[in-house]
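Notes to accompany the following structure.
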Amino acid sequence: QVRLVESGGGLVQPGGSLRLSCEASGDILSINTMDWHRQLPGQQRRLVARITSSGTTIYEDSVKGRFTISRDKAKNTWYLELNSLKPEDSAVYYCYAGAPFHEYWGEGIQVTVSS
């Protein structure tokens, strides 16, 4: 089992920045992909960014050049740096860990971009 705890969300003005953190505990050696997803009201949850155990990263098109996913192996934590935020980035952000035959989700954290 893996437990994920997100932190770092909140309210920010357009053009501002936030950093989300996801700390993993438990069977962390089984994790091979680490994601951030987001969900807007009335919409499906969508992948925002992924980093694999080998360090490969992918991003959803609308966040390329603005968001950066990274990880700190020593802290069992991965991050999502959100820059140049837009109102349409407002959503509940979820961290996700993928392992063979298992997937794990955090509880979600609200990001609101508004003036």
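The values are calculated or read from the model by the stated rules, or taken from the named source; none is laboratory data. Here the structure is a predicted model, which is why all the values come from computation and not from measurement. Because the Cβ atoms are built from the backbone with ideal geometry, glycine has one as well, and the counts that use them run over all protein chains shown. Calculation scope for accessible area: heavy atoms of the full protein, side chains included, ligands and nucleic acids excluded. Shrake-Rupley method; radii C 1.70, N 1.55, O 1.52, S 1.80 Å.
Go through the stretch 1-47 and count every residue that is closer than 30 Å to residue 115 by Cα and among the polar types (S, T, N, Q). Steps first, answer last, please.
First, the residues of the stretch 1-47 that are closer than 30 Å to residue 115 by Cα: 5-23, 35-47.
Applying the additional criterion that residues be among the polar types (S, T, N, Q) yields 7, 13, 17, 21, 39, 43-44.
Qualifying residue count for the region: 7.
Answer yes or no as to whether residue 91 is within 12 Å of the chain's Cα centre (by Cα), in contact (Cβ under 8 Å) with a residue 40 or more places away in the chain, crowded, with 18+ Cβ neighbours inside 10 Å and more than 21 Å from residue 3 (Cβ to Cβ).
So residue 91 passes the test.
Each row is one residue, and each column tells you yes or no for (1) touching a Gly at 6+ places or on another chain (Cβ under 9 Å); (2) at pLDDT 95 or above.
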position: 40; (1), (2): no, no
position: 59; (1), (2): yes, yes
position: 67; (1), (2): no, yes
position: 74; (1), (2): no, no
position: 86; (1), (2): yes, yes
position: 93; (1), (2): yes, yes
position: 107; (1), (2): no, yes
position: 113; (1), (2): yes, yes
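So, restricting to strands (runs of 3 or more DSSP E) that lie completely within the stretch 1-53, which ones have at least 1 residues that are over 12 Å from the mean Cα position of the chain (by Cα) and surrounded by 14 or more Cβ atoms within 10 Å (Cβ to Cβ)?
Where strands (runs of 3 or more DSSP E) fall fully within the stretch 1-53 and carry at least 1 residues being over 12 Å from the mean Cα position of the chain (by Cα) and surrounded by 14 or more Cβ atoms within 10 Å (Cβ to Cβ), they are 2-7, 10-12, 18-26, 46-52.
I need a count of the residues in the stretch 72-111 that are farther than 15 Å from residue 48 by Cβ and either assigned to a strand (DSSP E or B) or hydrophobic (A, V, I, L, M, F, W, C) (or both).
Final tally of qualifying residues: 8.
Could you say whether any residue in the stretch 72-79 is over 23 Å from residue 3 (Cα atoms), open to solvent by 60 Å² or more (accessible area, probe 1.4 Å) and touching a residue at least 12 places away in the same chain (Cβ under 8 Å)?
No, the stretch 72-79 has no match at all.
Is it the case that the stretch 94-106 has a residue that's under 12 Å from residue 6 (Cα atoms) and open to solvent by 50 Å² or more (accessible area, probe 1.4 Å)?
yes
All but one of (1) loosely packed, with under 13 Cβ neighbours inside 10 Å; (2) over 15 Å from the mean Cα position of the chain (by Cα); (3) over 21 Å from residue 107 (Cα atoms) hold for residue 64, so report the exception by its number.
It is condition (2) that residue 64 fails.
Going through the stretch 58-71 one residue at a time, which ones are more than 19 Å from residue 28 (Cβ to Cβ) and either among the polar types (S, T, N, Q) or in a strand (DSSP E or B) (or both)?
58, 59, 62, 67, 68
So residue 67 passes all but one of these: (1) touching a residue at least 40 places away in the same chain (Cβ under 8 Å); (2) closer than 22 Å to residue 23 by Cβ; (3) touching a Leu at 6+ places or on another chain (Cβ under 9 Å). Which condition number does it fail?
Result: residue 67 fails condition (1) only.
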